[in-house]
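Worksheet: the structure to be examined is printed underneath.
FYI, it's all coordinate maths here, none of it is from the lab. Keep in mind that what you see is a predicted model, and the values were worked out from it rather than measured. Glycine also receives a Cβ, built like all others from the backbone with ideal geometry; neighbour counts cover every protein chain displayed.
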Amino acid sequence: MEASLELARADIGFSAAHFSIHQGRSERLHGHNYRVSLRARGTVDEEGTVVDFSALKGALRDLCAELDERMLVPTRSPHVRVEESADGISLIEGSRRFLIPRGDAVLLALVNTTCECLAGHLLGALRGRLGSTGYRLEVRVEEIPGQGASVSE
């Protein structure tokens with residue numbers, strides 16, 4: 001028998017600053033209180049479960065903590081130049097330049113800091129922590145309730 005388990009708790013998420021670039025236009029710097037949820041799909045085992053919720057919760061909380069209270073910086077964007085120095089992280093996007101203390105930024109190997117890209121990042125990082133399993137994962141990132149994106153294996 002196949003089952004789908006959902007982990008959608010108000011206490012799993014992160015607060016972060018970012019700007020996205022859409023159709024060549026950059027948003028202003030702003031922030032969100034992101035909510036992160038997870039779905040695991042697989043075969044119910046002999047104990048009657050697909051996966052141990054506590055393992056998923058712990059891994060997901062740890063990943064969210066790495067992003068919490070940070071500026072999300074996409075390092076693969078063709079529109080954003082990222083430079084590291086002793087002063088911190090310098091971002092150059094068009095005519096704008098941001099200097100962010102190193103401890104306040106998290107560099108992400110993404111082309112953009114959209115919900116789609118953030119969900120993909122979390123899914124990849126989560127799978128990396130959990131390794132190969134008998135279940136498939138889907139991660140959803142919402143920037144406000146009801147507005148977000150999901151990525152699945």
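Residues satisfying the criterion are absent from the stretch 74-85 (criterion: touching a helix residue (DSSP H, G or I) at 6+ places or on another chain (Cβ under 6 Å) and either hydrophobic (A, V, I, L, M, F, W, C) or over 14 Å from Ala109 (Cα atoms) (or both)). A single member of Val82, Val111 is among the β-branched types (Val, Ile, Thr) and under 20 Å from Val139 (Cβ atoms), and it is Val111. Within the stretch 3-16, the set of residues being out of contact with any helix residue (DSSP H, G or I) (no Cβ under 9 Å at 6 or more places or on another chain) and hydrophobic (A, V, I, L, M, F, W, C) comprises Ala3, Ala8, Ala10. Assessment of the stretch 37-59 against the conditions (part of a loop (DSSP other than H, G, I, E, B), under 21 Å from Glu143 (Cβ atoms) and more than 20 Å from the chain's Cα centre (by Cα)) yields no matching residue. Gly13 fulfils the conditions (1) crowded, with 19+ Cβ neighbours inside 10 Å; (2) over 19 Å from Arg129 (Cα atoms); (3) touching a residue at least 40 places away in the same chain (Cβ under 8 Å) except for a single criterion, (2). Restricting attention to the stretch 21-51, the residues being surrounded by 19 or more Cβ atoms within 10 Å (Cβ to Cβ) and either of a type in the set (Ser, Thr, Tyr) or in contact with a helix residue (DSSP H, G or I) (Cβ under 7 Å, 6 or more places away or on another chain) (or both) number 5.
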